[in-house]
Amino acid sequence: MTDTQTPTDVAAAANNKKSSWLERGVPGVKQQLTAPLTAVNTEPSTECPNCHTVTTNTALIFNCYVCPHCDHHLTMTARDRLQWFLDEVEGELGQQFSAKDPLQFVDSKPYPKRMAEAQDKTGESEALIVMHGKLRNLTVVACAFDFRFMGGSMGSVVGDRFVEAAEYALEHRVPLVCFAASGGARMQEGLLSLMQMARTASAVERLRLAGVPYLVVLTNPVYGGVTASLAMLGDIHLAEPKAMIGFAGKRVIEQTVREKLEEPFQRAEYLLDHGVVDEVVHRHQLIDTSYRLLAKLCQQPNIQA
């Protein structure tokens, strides 16, 4: 019996011959077509709410939390802002005050639970942080609202801390600086939160009578009872660019007057044109401007001059 090869057998033999290791070509290294990693991909980053450009947190810190692409002023936490503003922090005030629940208030959740969530989220015990320290050659007391903490709302503890800051400034006769950022009075404390408007206004009046300077910096946003009290009683009012400032919200006013309110209504630039604020200051110039004004009010030598 003779062996016969079919066309399939011939093709298989040819493939085996071509696949011999002596005849196979040397395989090349495949190029990876993925884009190289950049710092934005590897470092913690933040997206600008205005131009949606992603910037590394390190770059934002060095640029005072101002977007390097569109110059939008991003939100700063209260502690970051005070540590950025003061050249030297000597101490913190008001940490002995803690919030209570006198009304046993419950909305979608109990007030103590809402407070605990805000404390876990921010790492702060309340919406107002108070520090005293050095600004160039001046000793100052500075306080800042943290909008992340229940919208920077003003409750009893916020009032206590602001009054203590004012009394410390009055006792040591040093300027008081307030960075305001709030949605208004805290509804979970009812009338007790509204009473803080009178308490803080009284503390500011005592500063005025004693000739102690009180400087207010309005950041984005400032509304409600804070605007109606401590935020609008300063000797000088500065504002950051495009900050929203008002008592009632824009939509509430539109529903009341039955008119569409166009930009820049309630913006810092609009309020400057109508005499509500004294100057709109870019964040990069805010420290120098504040120091120059406080040195003038305190009749101290300006070391920058």
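Remark on Met244: its backbone amide H falls under 5 Å from those of Val222, a criterion applied only to residues 5 or more positions apart or on other chains, H modelled at 1.01 Å from N. Estimated from helical segments only, the mean residue ellipticity of the chain at 222 nm is -11000 deg cm²/dmol, where each DSSP H run of four or more residues counts as -39500 (n - 2.57).
Between Thr139 and Phe265, the contour length at 0.36 nm per residue exceeds the alpha carbon distance by 41.7 nm.
Here the simple spin-label model places points 7 Å from the Cα toward Cβ, and for Ile303 and Arg173 these points are separated by 2.1 nm.
Summarising the strand pairing of segment 75-297, around 45 percent of its internal DSSP beta bridges are antiparallel.
Structure shown: which of Lys109/Lys250; Lys242/Lys296; Lys100/Lys242; Lys113/Lys260; Lys121/Lys250 lie over 32 Å apart, alpha-carbon to alpha-carbon? Provide the component values of the computation, followed by the final result.
Values: Lys109/Lys250 27 Å; Lys242/Lys296 27 Å; Lys100/Lys242 35 Å; Lys113/Lys260 38 Å; Lys121/Lys250 28 Å.
Correct reply: Lys100/Lys242; Lys113/Lys260.
Extension gain, Lys296 to Lys113: 0.36 nm times the residue separation minus the Cα-Cα distance gives 61.3 nm. A simple spin-label model places pseudo-atoms 7 Å from Cα toward Cβ; at His69 and Ser98 they are separated by 4.4 nm. Relative to the current alpha-carbon distance between Ile61 and Ala228, full extension at 0.36 nm per residue lengthens the span by 56.9 nm.
For labels at Thr46 and Leu272 in the simple 7 Å Cα→Cβ model, what's the distance in nm? Here the answer is 2.2 nm between the modelled labels. Based on C-alpha pairs under 8 angstrom that are at least 6 apart in sequence, the chain has a relative contact order of 12 percent. Summarising the strand pairing of segment 208-305, around 10 percent of its internal DSSP beta bridges are antiparallel.
When semi-axes √(5λ) of the Cα gyration tensor in Å is computed from the coordinates, the matching label among [x] 37, 25, 16; [y] 60, 25, 21; [z] 45, 23, 17 is [y]. Protection proxy ranking of 91-100, 232-241, by the mean of other Cβ atoms within 10 Å over each peptide's residues and highest first, is 232-241, 91-100. What whole-number distance in Å separates the alpha-carbon centres of segment 229-305 and segment 130-187? Cα centres, segment 229-305 to segment 130-187: 17 Å.
By the beta carbon rule, with partners counted only under 4.7 Å, the chain holds these lone Cys residues: Cys64, Cys143, Cys178, Cys298.
Computed from the coordinates by the stated procedures, all read-outs in this text should not be read as laboratory data. Being a predicted model, the structure only gives us computed values, none of them experimental. Positions of Cβ are backbone-derived with ideal geometry, glycine not excepted, and every protein chain shown enters the neighbour counts.
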